[in-house]
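Step one of this worksheet: look at the structure below.
The values are calculated or read from the model by the stated rules, or taken from the named source; none is laboratory data. All values reported here derive from a predicted model rather than from experimental measurement. All Cβ positions, even for glycine, are placed from backbone atoms using ideal geometry, and neighbour counts span all protein chains on display. Areas reflect the complete protein model, heavy atoms only, side chains present, ligands, DNA and RNA absent. Shrake-Rupley method; radii C 1.70, N 1.55, O 1.52, S 1.80 Å.
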Amino acid sequence: MNYILDGLRQALELLLGGDPATFSAVWTTLLVTLEAMAATLVLGAPAGFLLGYADFPGKRAARLAVETFLSFPTVVIGLVVYAFISRRGPLGELGLLFTVPGMAVGLTILGLPIVIALTAQAVENLDPRLRPTLLTLGAGPRQVFFATLGEARFGLLLAATAAFGRIFSEIGISMMLGGNIKWSTRTITTAIALETGKGEFATGIALGIVLMIIAFAVNLAASAFRRRSAA
Amino acid sequence: MSALYELDHVVQRYGEREVLHLDALAVPEGAIIGLVGPNGGGKSTLLRLLAFLETPAEGTILYRGEPAGGREYALRGEVTCFPQEPYLLKRSVRANVAFGLEARGATDVAERVATALALVGLDPARFAGRMWHQLSGGEVKRVALAARLALRPRALLLDEPTANLDRDSAELVRRAVTTARERHGTTLVISGHDHEWLKAICDDMLWIRDGQLAAPSTEAGHAPWPQPAV
């Protein structure tokens with residue numbers, strides 16, 4: 001038990017003392033999460049809207065594919081992206097392997113099915129009176145799209161929060177595509193795994209505390225937004 | 001008066017079921033037409049067709065003498081429909097009333113929002129900032145009506161606008177829609193079951209039963225209705 005308490009004490013010292021290696025991992029995590037979340041939402045929200053709103057041939061198959069990807073093992077996503085962006089892969093010339101953007105590509109693929117599926121569900125659950133209301137008020141296709149997304153904002157927020165939770169705490173993809181390079185692609189989760197393996201328990205705990213604080217803060221903000229919008 | 005709408009052999013089907021079959025119907029511009037008849041008779045379907053929210057399975061609808069087919073989006077900029085159970089966007093009252101104005105590119109949005117709210121008996125200072133869920137059922141209806149009146153449409157199609165409203169609210173609706181005609185020459189087509197309310201404001205009343213224009217029911221005790229304008 002003592003070594004856990006010692007680890008906790010040392011972890012607080014690392015955090016309060018502004019340990020550069022610890023904060024480098026935190027910064028990398030925030031950067032890669034931000035990039036992946038931006039790509040996930042920009043691609044996933046319109047795709048989810050289409051899946052939930054429009055009728056098209058193959059919709060059922062598309063829905064099934066998205067739901068299958070929800071449970072895709074992260075290590076397989078890492079493996080496939082690795083094959084594409086490694087030097088011998090078709091996208092090798094882009095030099096993405098062992099970089100933050102390379103990790104963001106893999107994490108985007110992880111987050112996309114979550115955002116698409118939950119956005120589609122949110123749009124499908126909207127009140128059926130919404131579309132005729134928008135049309136009779138004179139809305140064109142673009143206004144219908146944005147107003148419908150606006151009406152589904154709580155569902156979108158849920159989708160974004162769920163994707164954030166997955167992307168932020170992911171380790172397999174980050175490890176495979178980032179390589180866990182100190183000062184460069186080492187994230188909180190890969191650092192925890194490495195430091196704990198090395199017996200550096202304090203660093204692992206410090207990073208774990210930061211991980212939980214950020215995740216809690218994001219969920220708290222999302223919850224506050226939901227309350228404020230509904231209040 | 002020239003005809004705003006002319007319907008020629010219009011049929012509407014949902015799946016295999018024929019829900020409306022009108023050989024001919026004309027709605028004069030600037031008129032107030034009442035639609036009465038039993039539930040499921042085709043009143044709401046007719047209103048959705050006139051609002052260009054649906055296209056007929058057969059037949060043609062002329063709007064101001066021109067076929068409406070293929071021009072639905074543009075025509076929805078001139079007409080608007082008030083449904084039985086109106087839906088408010090999950091926004092403030094002000095944003096709800098302003099939505100259609102902004103969609104149609106109006107410039108004097110704030111002034112028209114305030115005027116429309118006042119027209120339905122809602123004080124803009126008190127109500128404009130309220131959120132959609134802070135309204136009673138009657139207020140929801142009045143805000144939705146204000147959103148339509150603010151557009152100053154050429155035709156306003158109202159589907160049972162006084163259903164579930166108290167007497168005072170029904171009177172407010174009557175005043176609001178007749179003011180729309182007086183000020184802007186709006187053509188009104190109104191369905192409902194409150195025959196007295198309809199008779200008080202309508203120039204003409206049409207009976208719709210089983211999807212067709214019909215003779216008025218003698219059992220209802222409201223005969224004789226004026227004949228359909230064909």
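A few notes on this one:
- Residue in the range A:146-163 that is within 13 Å of chain B (Cβ to nearest Cβ), surrounded by fewer than 23 Cβ atoms within 10 Å (Cβ to Cβ), free of Cβ contacts under 8 Å to residues at least 12 places away in the same chain and more than 21 Å from A:VAL218 (Cα to Cα) present: yes
- Among the numbered conditions (1) surrounded by 15 or more Cβ atoms within 10 Å (Cβ to Cβ); (2) touching a residue at least 12 places away in the same chain (Cβ under 8 Å), the only one that A:PHE84 does not meet is (2).
- Taken over the range A:164-194, residues that are surrounded by fewer than 22 Cβ atoms within 10 Å (Cβ to Cβ) and charged (D, E, K, R) amount to 2.
- Hits in the range A:27-67 (condition: of a type outside the set (Phe, Trp, Tyr) and part of a loop (DSSP other than H, G, I, E, B)): A:ALA54, A:ASP55, A:PRO57, A:GLY58
- Some residue of the range B:36-47 being buried (at least 17 other Cβ atoms within 10 Å of the Cβ), out of contact with any helix residue (DSSP H, G or I) (no Cβ under 8 Å at 6 or more places or on another chain), more than 12 Å from chain A (Cβ to nearest Cβ) and aliphatic (A, V, I, L, M): yes
- Subset tally (residues that are within 14 Å of chain A (Cβ to nearest Cβ) and open to solvent by 20 Å² or more (accessible area, probe 1.4 Å)) for the range B:48-76: 9
- If only residues of the range A:194-231 that are of a type in the set (S, T, N, Q) and in contact with a Ser or Thr (Cβ under 7 Å, 6 or more places away or on another chain) are counted, the one that is nearest to A:GLY165 (Cα to Cα) is A:ASN219.
- Members of the range B:77-94 found to be within 13 Å of another protein chain (Cβ to nearest Cβ), of a type outside the set (Asp, Glu) and open to solvent by 30 Å² or more (accessible area, probe 1.4 Å), listed by number: B:GLY77, B:PRO83, B:GLN84, B:LYS90, B:ARG91
- Residue check, A:LEU107 under 30 Å from B:PHE82 (Cβ atoms) and open to solvent by less than 80 Å² (accessible area, probe 1.4 Å): no
- Of the helices (runs of 4 or more DSSP H) contained entirely in the range A:127-231, those carrying at least 1 residues that are closer than 30 Å to B:LEU50 by Cα fall at A:130-136, A:141-151.
- The set of residues in the range A:113-145 being among the polar types (S, T, N, Q) and facing chain B (nearest Cβ under 9 Å) consists of A:THR133, A:THR136, A:GLN143.
For every residue, the table says whether it meets (1) within 15 Å of A:ALA202 (Cβ to Cβ); (2) at pLDDT 95 or above; (3) over 25 Å from the mean Cα position of the chain (by Cα).
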| site | (1), (2), (3) |
| --- | --- |
| A:ALA11 | yes, no, yes |
| A:ALA21 | yes, no, no |
| A:GLY44 | no, yes, no |
| A:ALA54 | no, no, yes |
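- Members of the range B:172-211 that are surrounded by fewer than 15 Cβ atoms within 10 Å (Cβ to Cβ) and not in a helix (DSSP H, G or I): B:GLY185, B:ASP210
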